[in-house]
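What follows is one structure encoded as structure tokens, with my remarks underneath.
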Amino acid sequence: MKHRNGFNPLSRNASHRRAMHRNMVTSLFKYERVTTTQPKALEVRRTAEKLITRAKVDSVHNRRQVARFVQDEAVLAKLFTEIGPRMKDRAGGYTRVLKLGFREGDAAEVAILELVDYKLETEEKSEKKPKKEAVKGDKAEAKKASDGKKPAAKKPAAKKEKAASGAEE
């Protein structure tokens, strides 16, 4: 039972636990998605949600309080300029924990900790594909405009094939 226990110490001493929280929170804000063990994800989520709540109001005091945990200035700026305003209308629950199963080596429960409005990169890649198809269409039109002539690079290949077939006989 967990009566009167405020947090999970994760079998670490205080300095190691604090450093781990800082590093994982910074990575979460930098990449917006982190894969870790489930107990770590549940503990880091508590810290991350408190920091996002602070980041919703951009003030000097809030920046200094958050800077105690997030020591990378670029990530701190991203938190206050991008992540905080995105979560402005949300009253809490800024992160989610998705269970992945068990790790192969030590059978630890693995989970993904991500921001709620995180979008996969595959959606962006699918949007870029039509641009590449348009470029391919331009190349096809250029070949048609060349009066049906084959490129010079393919002619020597054809000669080599004839020479090779002649050598085989």
Looking at this structure, is VAL57 assigned to a loop (DSSP other than H, G, I, E, B) and of a type outside the set (Phe, Trp, Tyr)? yes
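Across the range 38-68, which residue is surrounded by the fewest Cβ atoms within 10 Å (Cβ to Cβ) among those that are among the aliphatic types (A, V, I, L, M) and over 21 Å from the mean Cα position of the chain (by Cα)?
Residues of the range 38-68 among the aliphatic types (A, V, I, L, M): 41-42, 44, 48, 51-52, 55, 57, 60, 66-67.
Now narrow it down to the ones that are over 21 Å from the mean Cα position of the chain (by Cα): 57, 60, 66-67.
Numbers: VAL57: 11, VAL60: 7, VAL66: 22, ALA67: 13.
Per the stated criteria, the residue is VAL60.
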Taking the range 73-115 and keeping only residues that are under 19 Å from LYS50 (Cβ atoms), among the acidic types (Asp, Glu) and in contact with a strand residue (DSSP E or B) (Cβ under 8 Å, 6 or more places away or on another chain), one is left with GLU114
With the first residue restricted to the range 37-65 and required to be over 21 Å from ARG86 (Cβ atoms), and the second required to be assigned to a helix (DSSP H, G or I) and of a type in the set (A, V, I, L, M), Cβ contacts under 7 Å at 6 or more apart or on different chains are LYS40/MET24
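Sort out which residues of the range 60-75 are assigned to a helix (DSSP H, G or I) and over 19 Å from VAL116 (Cα atoms), and write them in order of number.
Start the filter on the range 60-75 by keeping residues that are assigned to a helix (DSSP H, G or I), which leaves 60-67, 73-75.
Of everything in the range 60-75, those that are assigned to a helix (DSSP H, G or I) and over 19 Å from VAL116 (Cα atoms) turn out to be VAL60, HIS61, ASN62, ARG63, ARG64, GLN65, VAL66, ALA67, GLU73, ALA74.
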Pairing a residue in the range 3-27 that is in contact (Cβ under 8 Å) with a residue 24 or more places away in the chain and assigned by TED's automatic domain parsing to the domain that holds THR47 with any residue that is surrounded by 12 or more Cβ atoms within 10 Å (Cβ to Cβ) and of a type in the set (Gly, Ala, Ser), where Cβ atoms lie under 6 Å and the two sit 6 or more apart in sequence or on different chains, gives VAL25/ALA48
Selection from the range 28-37 of residues within 22 Å of PHE102 (Cα to Cα) and either more than 19 Å from the chain's Cα centre (by Cα) or in a helix (DSSP H, G or I) (or both) yields LEU28
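The values are calculated or read from the model by the stated rules, or taken from the named source; none is laboratory data. Every value quoted in this text rests on a predicted model; they were computed, and no experiment measured them. Please note: Cβ atoms are built from the backbone with ideal geometry, for glycine as well, and neighbour counts cover all protein chains shown.
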